[in-house]
Structures are given as structure tokens and as C-alpha cells.
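Student: Here it is, the structure in full.
Every read-out reported here was derived from the displayed coordinates using simple, explicitly stated rules and does not represent laboratory data. Source: prediction; values computed, not measured. Please note: Cβ atoms are built from the backbone with ideal geometry, for glycine as well, and neighbour counts cover all protein chains shown.
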Amino acid sequence: MRNINKAKCLGTNPAWFDLDVVPKALDNDLLAQHLCRGCKVIPECAADAVEPLAIGTIRAGVAIPSNGKWNRPGRNRAVATLRLLATGKIELKEINEHLDKGVLG
């Protein structure tokens, strides 16, 4: 990522963004949005997280489930969300509205 020095997560504990480390009792989607809220590089981070897919992590305010047959719908939703964020035409705070309308699956 070119603008890593503008990322909100710069200098934070990387374990906060690792879904294998985050306590299972936490809502990963809410945690992801909280950690990345206000970040200046969401579109770039989202694009970077898709290819290759950063499974098992929080990127651009999106929790990307790890591999596993039960996680495929969650991963598909995460990819759709990341691709939309990468366009820069939508902000993280608008994602839930799109999810509620069924736009992202």
C-alpha cells in the first residue's frame, strides 16, 4: 500500500486485526468497523485486501472470515464489500445501509 503512513492502524497491535486472535465473543463486523472508522486509506486498503484475499483478518473495516466450508457466504460478502469500498464511491459508515437493502448479499 502506497499510503500506509496515513493508515489509522499504523503503529497499533496487529493482533487486533487477526480474527484467529480476536476473542470469539466479539462481533467481528462491529469490531472491524470500529477499528477502521475514520481511516484515510479505506479504498486503497480494500483494494489491497482483495488480491490476494487477506483471509482471517480485518481490513478496510471488513472482517474477512478464514477458510472453511461454513465461511464461504461470509467471505463472499466480505469480498463484495471490499470491492465496493475500493471504488471510493461509498464510505465505511454506509456499508450497513447497503447490507440492509441486500445490495451486498
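Student: What's the magnitude of the charge dipole for the chain around its Cα centre, counting Lys and Arg as +1 and Asp and Glu as -1 at the beta-carbon? Answer in Debye, nearest 20.
Tutor: In debye, rounded to 20, the chain gives about 120.
Student: I've got another one for you. Normalised by the residues of region 1-46, what does the relative contact order come to in percent, with Cα pairs under 8 Å and at least six apart? Intermediate values should be presented prior to the final figure.
Tutor: On the way: 24 pairs, mean separation 25.9, N = 46.
Reported relative contact order: 56 percent.
Student: Ranked from highest to lowest mean number of other Cβ atoms within 10 Å per residue, what is the order of the peptides 83-93, 20-30, 50-60?
Tutor: 50-60, 83-93, 20-30
Student: Follow-up. Around Arg59, which amide H atoms from residues at least 5 apart in sequence, or from another chain, sit under 5 Å from its own amide H, with H modelled in the peptide plane?
Tutor: Hits under the 5 Å cutoff: Ile64.
Student: Give the share of C-alpha pairs in each 5 angstrom bin for the chain, from 0 to the last occupied bin, in whole percents, shortest bins first.
Tutor: Here the calculated profile for the chain is 2, 14, 25, 28, 20, 9, 2, 0.
Student: Any chance you could count the Lys pairs in the chain whose alpha carbons are under 22 Å apart, treating pairs 8 or more apart or on different chains as valid?
Tutor: The number of close lysine pairs in the chain is 11.
Student: Counting alpha carbon pairs within less than 8 Å and at least 6 residues apart, what relative contact order, in whole percent, applies to the chain?
Tutor: This gives 25 percent for the chain.
Student: Give me the net charge for the shell around Ile58: Cβ to Cβ below 10 angstrom, other residues only, Lys and Arg +1, Asp and Glu -1.
Tutor: -1
Student: With unit charges on the beta carbon (Lys/Arg positive, Asp/Glu negative), name the residue among Leu19, Ile64, Asn3 whose Cα is farthest towards the positive pole of the charge dipole of region 1-73.
Tutor: Value computed over the given set: Asn3.
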